[in-house]
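Below is one structure, written out as structure tokens; comments come after it.
The values are calculated or read from the model by the stated rules, or taken from the named source; none is laboratory data. Being a predicted model, the structure only gives us computed values, none of them experimental. When we count neighbours, we look across all protein chains shown, and the Cβ atoms used for this are built from the backbone with ideal geometry, even at glycine.
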Amino acid sequence: MSVPEFLLQYIIGPVLADARNVQQTEVMGVTAVPGYNPYNTVFYVLLTGVLLYSVYRYLDLRDLGLDAETAVYSSPFLLLGGVLRFIEDAGAVSPGLSVFLVTPVIYLLIAGLFIASLRLSPLVAERSSLSQNRALSVLGTVFLVPALAISVPVLVEGFNPLFLLVPTAVASGLWLLYYFVSRGSEIDRKPFHLVVFSQLFGGVASAFAVSQGYSQKQILASVSTDVFGPPGIVIVKSIIAVAGVYVLWDAEDDLVEGVSVFVLTAVGLATGLRVALRASAGI
């Protein structure tokens, strides 16, 4: 297999198949299937690392403040990522647009919208009575509301609220354990709570969907489910939450802490919301 054929089958082809919502697609004579494989998984991990470093350097050089508290106010952007992935899964946009809503392109889209809004937030705050953090949250909501409006008609038909209610309730219950254990300590901070809840929500949403007949797409989630059953992904997400809290607690750089909160929340909240919405709509 030549290098171009390899790239088409394992890297480029799965993205196009995902964007077209088909079981397989042919690109320049090479057949590819959607979803994750060992090769594009490694590629996405490397790409994410490069993207995160690039974002860190850009924010640092431009002196754009992104600490842990600011990252908490970025939640609308992370919710936007999950909703946009659901919209693409539902086929609610044309194939020409859907290619921007699949992995890894959506990483670049959300990062671009967030950075642009981060730069714009001081101006919005200056011309309003809002703080910069609240201005950032408002800008994120401006992007989120139209995405929600597009998703509502898809959800209304055959909507099953259990796929949203169960993950939210169970994750909230597990988060309360962290709340009581951490209360009054150094890890009793909003960013830490957000990271923990996000990871738990993502894990429970995936576990509940699998228990109802859905299959895991990501390789790590699939392996953990094969070994431990549906609760396997909750175990993995709990480990990520604990590791994330430790990293945040040990971080000495505000920017590193802020980027870490953003990423850890995205991995949990955005992916969990996508799964919950898909299952709720019966997709």
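Miscellaneous remarks
- Within region 18-44, if we keep just the residues that are at pLDDT below 85 and part of a helix (DSSP H, G or I), the residue that is surrounded by the fewest Cβ atoms within 10 Å (Cβ to Cβ) turns out to be Arg20.
- You will find that of Leu61, Leu108, the residue that is surrounded by fewer than 16 Cβ atoms within 10 Å (Cβ to Cβ) and in contact with a Phe, Trp or Tyr (Cβ under 9 Å, 6 or more places away or on another chain) is Leu108 and no other.
- Scanning region 165-178 for residues that are closer than 10 Å to Phe201 by Cα and surrounded by 13 or more Cβ atoms within 10 Å (Cβ to Cβ) yields Val166, Pro167, Thr168, Val170, Ala171, Ser172, Leu174, Trp175.
- When region 131-144 is filtered for residues that are surrounded by fewer than 18 Cβ atoms within 10 Å (Cβ to Cβ) and within 11 Å of Phe77 (Cα to Cα), the ones remaining, listed by number, are Val138, Thr141, Val142.
- Top-ranked residue in region 45-73 [being without any contact (Cβ under 8 Å) to a residue 40 or more places away in the chain and part of a helix (DSSP H, G or I); ranked as farthest from Thr265 (Cα to Cα)]: Leu61
- Verdict on Trp249 being under 26 Å from Asp67 (Cβ atoms), in contact (Cβ under 8 Å) with a residue 12 or more places away in the chain and in contact with an Asp or Glu (Cβ under 9 Å, 6 or more places away or on another chain): yes
- Qualifying residue in region 113-121 (condition: under 28 Å from Ala276 (Cα atoms), assigned by TED's automatic domain parsing to the domain that holds Val275 and surrounded by fewer than 19 Cβ atoms within 10 Å (Cβ to Cβ)): yes
- Subset of region 194-214 (residues that are within 16 Å of Val267 (Cβ to Cβ) and surrounded by fewer than 24 Cβ atoms within 10 Å (Cβ to Cβ)): Leu194, Phe197
- The residues listed here are Leu194, Leu248, Leu264; of these, the one that is under 20 Å from Leu78 (Cα atoms) and in contact with a Pro (Cβ under 8 Å, 6 or more places away or on another chain) is Leu248.
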